[in-house]
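All remarks here apply to the structure that follows.
The numbers here are math on the coordinates, done by the rules we state, and not lab data. It should be emphasised that the depicted structure is a prediction, and the values quoted were computed from it without experimental measurement. Virtual Cβ from ideal backbone geometry, glycine too; neighbours counted across all protein chains shown.
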Amino acid sequence: MNVEHALDQAEWDAFIGRQQFRPFLQNWTMGEVFRDAGGAPVRLLIKEGGEIVAICQGIITRARRGPHIAIAYGPIMSDWRSATGDQQVLKMFIDVLKDIARNNQCTFIRMSPFWPKSHYPSRQSLVASYQSPLHMFAEHVWYLPLVSPDAWQGPKSEVRSPRSEEELLMQMRKTTRNLVRRAEREGVTVTASKNPQEDIEIFLRLHEQTRKRHGFTPYSNAFFRSQVKHFAPRGECTLYIARWKDEVLASSIHMHVFGETSYHHGASSGTHPEIPASYLLQWTAIRDALKRGDHVYSFWGVAPEGVRGHPFSGVTTFKTGFGGNLLELMHCIDIPLSPAYHLTRAFELLRKWRRGF
């Protein structure tokens, strides 16, 4: 086996689509979004017998906290590989990534793998590393299975059947189900934009209002525009807009890649809080995912169970009301390459304390 630089997008994405866990952040197109945001994608793969057995997309990132390679929900390794095989593959990737990182004056590698704790306990000690002070992406993922049995829990070989709208409605929290129906009675309408590259400006206006209300650090507007620009023409994202009496109350960017729908970005106006437009927006997106034949609907991140005052606490109540399960991932790890990393670590520990994590 050898590490190679990937050149074929179709081959890359086809490999992800064959795995049980298929995080769209490792999608080739997502690398182009990060490129537009100022990063430089590094796409590595390993083949055995002419077949891909693992991929890893990292982004060379010039951040104020220190230049580094960020690996978002990767690497992805074939489901059938053994723990010993995992160790070999991971070491091969990291050896190459270290050389690339040093050549680009990076001080560390940050890896946030999409590895469920319960599935791959052996992978958690594969690399000499530090636990990152902060998560890079959601590590407590709330998801709704759209097929039975659960595609994220059982073997891929199992035959699965789509769940019905009626079944999903009945598994919602009663309050959530009532709010969905109330939004319909109140005349809320939810539409999928036919021109998302133009209507992204509607989302951005609402997102700025949301940021001011909640005080979080957002992605840049250029990042949102780039994501829609790259994915919408491929039919892999939908911009939803919820209106009430011709006023836009909520909007979202949903990704649907590799048979999975993800509620990636959301925004609301904050006006008319008595109108539950966001509930109907989510239900509309869930129904559309069913129609596409998707097997998973991911609500993205929620607060860890039992952690009071967590910044995700508010959205957790909203998301979990639709029913579903919690998938807890392995925590983000850092691989230091320079003493300068420890300054970054100290800064982020302080930031973590201030943010309440």
Listed residues H214, H140, H230; largest mean-square fluctuation, Gaussian network over the chain with Cα springs below 10 Å, found at H214
With Cα coordinates, the longest principal axis of the chain makes an angle with the long axis of helix 341-355, in degrees rounded to 10, of 20
Give me, ordered by chain and number, the residues 5 or more places off S262 or on other chains with an amide H under 5 Å from its own placed amide H. M255, H256, V257, S298
Amide H neighbours of V147 under 5 Å, at least 5 residues apart or on other chains, H built in the peptide plane: list them. R163
Say the dipole of the stretch 142-328 comes from +1 at the beta carbon of Lys and Arg and -1 at that of Asp and Glu; which of N325, V188, H230 then lies farthest toward its positive end? V188
Whole-Hz ³J(HN,Hα) from phi, Karplus 6.51 cos²θ - 1.76 cosθ + 1.60, for the stretch 194-200, glycine and proline x: 8, 9, x, 5, 8, 6, 4
Coil-residue trypsin sites (Lys or Arg not before Pro) of the stretch 29-74, DSSP, other Cβ within 10 Å capped at 10: R64
Computed for the stretch 142-328: size of charge dipole around the Cα centre, +1 on C-beta of each Lys and Arg, -1 on C-beta of each Asp and Glu, debye to nearest 20, value 240
Excluding exposed DSSP-loop GluC sites (Glu not before Pro) (at most 10 other C-beta within 10 Å), longest clean stretch of the chain: 1-273
Of I109, I100, I60, how do they rank once you tally other Cβ atoms within 10 Å and put the fewest first? I100, I60, I109
Residue-wise HN-Hα coupling along the stretch 230-246, computed from phi with Karplus coefficients 6.51, -1.76, 1.60 (Hz; x: Gly, Pro): 7, 8, 4, x, 8, x, 10, 8, 10, 9, 9, 9, 9, 10, 9, 6, 6
Amide H proximity to L337 below 5 Å, modelled H, separation 5+ or other chain, gives F108, I109
Can you work out the Karplus-derived ³J(HN,Hα) for every residue in the stretch 148-165? Use 6.51 cos²θ - 1.76 cosθ + 1.60 with θ = phi - 60°, whole Hz, and x for glycine or proline. 10, x, 4, 5, 8, 10, x, x, 5, 6, 5, 7, 10, 10, x, 7, 8, 4
Determine, from the Cβ-Cβ distance of L343 and Q20 and an R0 of 41 Å, the FRET efficiency 1/(1 + (r/R0)^6), rounded to the nearest 0.05. 0.60
For the pair D36 and K91, the simple spin-label estimate (label points 7 Å beyond Cα toward Cβ) gives in nm 4.0
Two pseudo-spin positions, 7 Å from Cα along C-beta at L204 and at R308, lie apart in nanometres by 4.2
Using the count of nearby Cβ atoms within 10 Å as a rough guide to exposure, how do F137, F224, F203 rank from fewest to most? F137, F224, F203
Row for the stretch 142-328, column shape: gyration tensor on C-alpha, a ≥ b ≥ c, rounded if a/c < 1.5 i.e. under 1.5, prolate if a/b over b/c, else oblate; value rounded
Which Cα, out of V53, G17, S132, lies furthest along the positive dipole direction of the chain (beta carbon charges, K/R +1, D/E -1)? S132
Determine, from the Cβ-Cβ distance of D99 and R65 and an R0 of 30 Å, the FRET efficiency 1/(1 + (r/R0)^6), rounded to the nearest 0.05. 0.85
Over what distance in Å are the Cα centres of the stretch 24-84 and the stretch 157-204 separated? 32
Extending each Cα 7 Å along its Cβ direction at V159 and L134, get the distance between those two points in nm, one decimal. 4.9
Row for the stretch 312-357, column shape: gyration tensor on C-alpha, a ≥ b ≥ c, rounded if a/c < 1.5 i.e. under 1.5, prolate if a/b over b/c, else oblate; value oblate
Stretchable slack from M170 to L350, in nm (0.36 nm times residue separation minus alpha-carbon distance): 60.4 nm
